[in-house]
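Q: Mind having a look at this structure? Questions to follow.
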Amino acid sequence: MDSLSLTTTTALCYLVIVLRALPFSYAQLDPSFYNGTCSNVQSIITEVLTNVSASDPRILGSLIRLHFHDCFVQGCDASILLNDTATIVSEQGAGPNNNSIRGLDVVNQIKTAVENACPGIVSCADILALAAEISSVLGGGPDWKVPLGRKDSLNANQSLANLNLPPPTFNLTQLNSAFANQGLNTTDLVALSGAHTIGRAKCSSFIGRLYNFSSTGNPDPTLNTTLLQTLQALCPNNGPGTNLTNLDLTTPDTFDNKYYSNLQSQNGLLETDQVLFSTSGADTIAIVNSFINNQSIFYEKFKESMIKMGNIGVLNGSQGEIRTQCNFVNGNSSSSGLVTMTTKDSSEDGIVSSI
């Protein structure tokens, strides 16, 4: 082999190693993937979510969050939906997910409706991606063409869920690192955090900001004093921490850019929200300001970041499978059918995990 061929071969081997190490699979997903096999999948999911959200508007934020929690743990492969079995330790039992994620029952409703129309065609991973986009639209937010063609995983990874999902107490450096580990940059972090424009959070997610911020014995100085008083009334120190409040104080059920305006007024609910604007000298501040000044810019960046996140570690081709039931790998279903480990009343919404 001559030196040129050796150099070329070495470079190609290096490229393969680098690509395998990256969190993105670079799979050939396509928004038209189901056009010839299940062309009405989007309308089926839209009908289910329209009906559910009429009585439970929180579900829209919950489903965006569910997609996030799936993608940050071994990629967008619906592993978060798998229940405990003899061979699988469910990600639903991980600290950031336990008694926190919601919408699993709604995903099962969607899967049943899709299977009735197109049996064995649409993956649970694609259902999560489509449900997130449709939730944005039903909340008044942007729409985008969702790349499709994901397969469902054959396993789950609870330990990775505990490691990869950022808690609501992270500072900006920790948030940037968690997102960078998934191939996402600072703009992606700020844009995806904007999903907190809808949804709710439990007192337990921000109680430290109210009474003992960073073990100082005092409230978080970046929390608006009026909001502090309101939250202290809702969330007594040493209380159960189960009361819910809106992530967006201004328009809690509308997908808009008011989440960012709240940060400017120190009205971010979670520490991970407020650090985007209150961290001195941070490059996130200019991004927040741009989203405040122009909602269209926020929408465009949110769409780009959701598509980018939706490409993390996907399975396709001969990898994975199309599950018949989203809670179980094929051939290992429970006699009780489509069951889940959490109920919709025990949990919360949002992008950052433990909320």
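The values are calculated or read from the model by the stated rules, or taken from the named source; none is laboratory data. Everything quoted here is computed from the prediction, not taken from an experiment. Cβ coordinates were reconstructed from backbone atoms using ideal geometry, including for glycine residues, and neighbour counts include every protein chain displayed. Keep in mind that these areas ignore ligands, DNA and RNA; they rest on the heavy atoms of the full protein, side chains included. Shrake-Rupley method; radii C 1.70, N 1.55, O 1.52, S 1.80 Å.
Q: With the contact rule set at Cα under 8 Å and sequence spacing of 6 or more, what percent relative contact order holds for the chain?
A: 29 percent
Q: What FRET efficiency would be calculated for the residue pair Thr242, Gln319, taking the C-beta separation as r and a Förster radius of 41 Å, to the nearest 0.05? It would help to have the intermediate numbers written out before the result.
A: Working: r = 40 Å, r/R0 = 0.98.
So, using R0 = 41 Å, E works out to roughly 0.55.
Q: If you roll a 1.4 Å probe over the chain with all protein chains in place, what percent of the accessible area is carbon or sulfur? If you can, show how the numbers build up before the last one.
A: Working: 7600 of 14600 Å².
Carbon and sulfur: 52 percent of the exposed surface of the chain.
Q: Quote to one decimal, in nm, the extra length available between Thr87 and Glu304 on full extension: 0.36 nm per residue of separation minus the C-alpha distance between them. Spell out each step's value before the answer.
A: On the way: separation 217, 0.36 × 217 = 78.12 nm, distance 3.65 nm.
Stretched out fully, the Thr87 to Glu304 stretch lengthens by 74.5 nm.
Q: Okay, next question. In Å², and per residue, what accessible area does the chain have when probed at 1.4 Å with the other protein chains present? Numbers along the way, then the final one.
A: Working: 14600 Å² over 355 residues.
Dividing the accessible area of the chain by its residue count gives 41 Å².
Q: What is the distance, in nm, between label points placed 7 Å from the Cα along the Cα-to-Cβ direction at Thr37 and at Asn181?
A: It is 3.3 nm.
Q: Measure off 7 Å from each Cα along the Cα-to-Cβ vector at Cys118 and Val137, then give the distance between these two points in nanometres to one decimal.
A: Placing both labels 7 Å along Cα→Cβ, they lie 1.4 nm apart.
Q: Past the 23 Å Cα-Cα mark, which pairs from Lys202/Lys308; Lys258/Lys303; Lys111/Lys258; Lys202/Lys258? Mind showing how you got there, number by number?
A: Numbers: Lys202/Lys308 29 Å; Lys258/Lys303 17 Å; Lys111/Lys258 33 Å; Lys202/Lys258 20 Å.
Those over the limit are Lys202/Lys308; Lys111/Lys258.
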